[in-house]
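The values are calculated or read from the model by the stated rules, or taken from the named source; none is laboratory data. This is a predicted model, so every value here is computed, not measured. All Cβ positions, even for glycine, are placed from backbone atoms using ideal geometry, and neighbour counts span all protein chains on display. Remember, those area values only see protein heavy atoms, side chains included, never the ligands or the DNA or RNA. Shrake-Rupley method; radii C 1.70, N 1.55, O 1.52, S 1.80 Å.
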Amino acid sequence: MILASIPSPAQGVWHLGPVPIRAYALCIIVGIVVACWWGDRRWVARGGKPGQVLDVAVWAVPFGLIGGRLYHVMTDFSTYFGPNGRGLGAVFRIWDGGLGIWGAVALGGVGAAIGCRKMGIKLGPFADAIAPAIIVAQAIGRLGNWFNQELYGAPTTLPWGLEIYERANDVGQRGPDVLDGHSTGVVLSVVQPTFLYELVWNLLVAAFLVIVDRRFRIGHGRLFALYVAGYCLGRFFIEIMRDDHATLIFGVRINVFTAALVFAGAVAYFLLAPKGREDSVFLDESAAAPSETGTEQDGSTETDAPVALEKADDAAGTEADVRPMDTGGLPGDSTSRNKED
């Protein structure tokens with residue numbers, strides 16, 4: 001007997017006049033905002049400059065969205081181009097869901113590398129700084145799957161099972177995956193909430209990364225490698241629990257293979273990459289400590305020249321003191337003479 005269960009939202013799309021407000025898109029946007037905010041704080045603490053994370057995100061986010069969509073379409077090709085497929089137009093309907101995290105990280109990394117190069121900062125420490133923020137953003141994004149009633153597991157009788165409702169839209173379509181529909185109140189199944197498992201796992205990995213980063217001087221992209229390995233470890237087992245449609249290889253979901261391969265690559269990088277932490281996060285180390293106004297490269301200031309001339313005059317026996325106008329001060333009073341500090 002099911003003692004309790006988690007209800008799915010009645011709908012995932014609301015309309016403000018003709019404008020659809022999609023929960024999936026909102027979750028992605030909130031995740032990006034949180035990642036940029038927290039990532040920027042961590043980057044500044046690591047030695048970077050405020051605002052640089054947002055500047056790099058201008059490159060990384062579009063690349064990541066394209067990469068995530070490409071991976072999803074490539075690994076679920078039949079959904080779009082198979083018999084009764086959704087067609088080419090559906091490929092661009094990113095708001096309907098369907099972003100592969102591995103494609104997003106891979107191509108997003110390319111965008112980040114371009115942005116870092118343009119900003120004159122090193123990719124390794126930048127990736128280490130934002131790694132916990134990225135996986136928290138992923139956790140927030142998983143809430144979008146809850147609203148879309150997707151990425152769930154097999155039927156279960158566990159108390160925390162997820163209720164999947166029948167949804168119907170204005171044109172008469174019915175089913176659990178009618179994204180623009182409303183719940184009819186009919187529970188089609190109670191399933192494993194794998195989206196929730198991944199959300200919780202992502203938050204645990206983020207906490208682990210923060211603790212490791214505080215206790216050990218990890219750099220050169222090794223903390224980012226730990227993020228990738230940690231995510232893939234959890235995703236491997238979560239994929240095995242999932243029961244929704246997916247491309248299979250030898251009867252196994254393709255993402256199981258991807259998780260295993262990427263995990264191995266991340267662990268290898270962590271073991272082989274240089275130990276310790278970078279001395280500077282900038283490609284040009286002089287950018288780490290910009291000179292003050294009027295300061296020369298050799299450390300002298302624009303006030304050094306007059307001081308040097310005055311000292312030269314003193315050495316030559318020239319009287320350098322300038323007596324002020326008599327204000328009635330007593331002879332020998334310190335107020336009767338300018339004192340050079």
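Miscellaneous remarks
- Selection status of residue 25, open to solvent by less than 70 Å² (accessible area, probe 1.4 Å) and not in a loop (DSSP other than H, G, I, E, B): yes
- Filtered residues of segment 132-161 (kept if at pLDDT 95 or above, in contact with a Phe, Trp or Tyr (Cβ under 8 Å, 6 or more places away or on another chain) and open to solvent by less than 10 Å² (accessible area, probe 1.4 Å)): 132, 133, 135
- Any chance residue 287 is at pLDDT below 95, assigned to a loop (DSSP other than H, G, I, E, B) and either closer than 30 Å to residue 81 by Cα or open to solvent by less than 80 Å² (accessible area, probe 1.4 Å) (or both): no
- Residues (farther than 12 Å from residue 282 by Cβ and in contact (Cβ under 8 Å) with a residue 60 or more places away in the chain) located in segment 105-116: 105, 115
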